[in-house]
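Asks: Dumping the structure here so I can ask a few things about it.
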Amino acid sequence: MNRARLFIPVALFVVLASFLYLGFTLRDPHELPSALIDKPFPDFDLPILGRPGERASLEDLVGERRLVNVWATWCPTCLAEHAELGRIAEETGISLVGINYKDDPHAASQWLTRHGDPYDFNIVDVAGDFGVELGVYGAPETFLLDADGIIRYKRVGDVNEGIWREELQPAMAALGPPP
Amino acid sequence: MMLRICTLLIATSGLLGASAIDGFDFSDPDLADRYRELLAELRCPKCLNESLASSGAPIARDLRRTVRRLLEDGATDDDVRVHLQERYGDFVLYDPEFRMTNWPLWAIPPLLLLVAIVVVGRVGLFRRRAPLDDRERERIARLLEDDP
């Protein structure tokens, strides 16, 4: 009998095992590839936090590149990334817009008073329906929009120094110099 | 009496649980059926392996509400699937369509089955064995006699 043939099962096992190893270790299975990259940011008509009677829509986002950050007071990771987002907004001058997601607006305003408010304004999505439009499945999430309102990058989880250096900064640089 | 009440409570607790998930009462029973079927085949994006029907995650509740709204607005089942897929990607579909990017997903199981059939065939489960010749029969008889 051909001896080499005996190794076929072993070879199959090695192939299968390496696929499983890569599948389980290389990427976090909780992290979904975003379906919205290079798609226009969805339109909306929602109240602005802390400005009674005022509403915002997509028109208020278009015309300038933006970082849109989905956050809530019930989300500890949002607090963890808060300082880094503030630093990015200050140092790069990019407009930072918040979406206060499934939160109590009153608590949200207090949270911003306590921890600082780097946002140009915050859109209020109490029910989470706009979150569904955005494919949000957990806060924090951060979108980079170009001046045409197209989503160019999305981060699920906190924006920290490493993410800034490895992903967000290159994504912003890829947009070219600001218009 | 106490026992009866307990039995009744236990017997109806399942109904209560089910209605907590269903939550909504549709005026149209067809719509309610389609709603339940869709929830069973759509996957909760926050959970690794739970359908929208079975998940208690807040995002699943939001998506159930979305599915209900779409159905009531007259969306077809496919409209609902596409709506969620456009926002959450293929992950939400337990039964994704065949595309160039996901061919291994569809091709590997039948391929493995084929390999299994070939291997089993080779090993000889289905092969007819040749009958023993006289020398072999003699040898067996000798071995059996030697056996103490």
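Asks: Given an 8 Å cut-off on Cα distances and at least 6 residues of separation, report the relative contact order of region A:14-81 as a percent.
Replies: Value for region A:14-81: 15 percent.
Asks: Could you work out the relative contact order of region A:44-179? I mean the mean sequence separation of Cα pairs under 8 Å and 6+ apart, divided by the number of residues, in percent.
Replies: 30 percent
Asks: Report the B-A buried area as the accessible area lost on both sides summed, probe 1.4 Å, in Å² to the nearest 100. Numbers along the way, then the final one.
Replies: Values: alone 11690 and 10380 Å², together 20560 Å².
Buried: approximately 1500 Å² between A and B.
Asks: Which loop trypsin sites (Lys or Arg not before Pro) in region A:1-75, with loop taken from DSSP, have no more than 16 other Cβ atoms within 10 angstrom of their Cβ?
Replies: A:Arg27
Asks: Same structure again: In vacuum, with every alpha carbon of the protein assembly as shown counted as one equal point scatterer, what does the Debye formula give for log10 I(q)/I(0) at q = 0.12, 0.16 Å⁻¹? Two decimals, please.
Replies: -0.98, -1.37
Asks: Relative to 2.2 N^0.38 Å, what does the C-alpha radius of gyration of chain A come to as a ratio? Two decimals please.
Replies: 1.32
Asks: Go through region B:76-99 and flag every residue whose accessible area shrinks by 30 Å² or more with all protein chains in place compared to the isolated chain (probe 1.4 Å).
Replies: B:Glu86, B:Arg87, B:Tyr88, B:Phe91
Asks: If I build a Gaussian network model for chain A, linking alpha-carbon pairs within less than 10 angstrom, which residue out of A:Asn122, A:Asn100, A:Asn160 has the largest mean-square fluctuation?
Replies: With Cα springs under 10 Å in chain A, the top fluctuation among A:Asn122, A:Asn100, A:Asn160 is at A:Asn160.
Asks: Same structure again: Output the relative contact order of region B:19-121, whole-number percent, from Cα pairs under 8 angstrom with separation of 6+ residues.
Replies: So the answer I get is 21 percent.
Asks: Mind putting a number on the dipole of the protein assembly as shown about its Cα centre? Charges go on the C-beta only, +1 for Lys and Arg and -1 for Asp and Glu, and I need it in Debye to the nearest 20.
Replies: 1600 debye
Asks: If you build a Gaussian network model of chain A, linking Cα atoms that sit under 10 Å apart, which residue out of A:Phe13, A:Phe121, A:Phe143 swings the most?
Replies: Ranking A:Phe13, A:Phe121, A:Phe143 by mean-square fluctuation puts A:Phe13 first.
Asks: Let me ask something else about it. Return one whole number: the accessible area per residue of the protein assembly as shown in Å², for a 1.4 Å probe.
Replies: Normalised by residue count, the accessible surface of the protein assembly as shown is 63 Å².
Asks: If R0 is 22 Å, what FRET efficiency do you get for A:Ala174 and A:Lys39 from their C-beta distance, rounded to 0.05?
Replies: 0.85
The values are calculated or read from the model by the stated rules, or taken from the named source; none is laboratory data. Remember, predicted model here, so these are calculated numbers, not experimental data. Note: ideal-geometry Cβ built from the backbone for every residue, glycine included; neighbour counts use all protein chains shown. Only protein heavy atoms, including side chains, enter the accessible area calculation; ligands, DNA and RNA are left aside. Shrake-Rupley method; radii C 1.70, N 1.55, O 1.52, S 1.80 Å.
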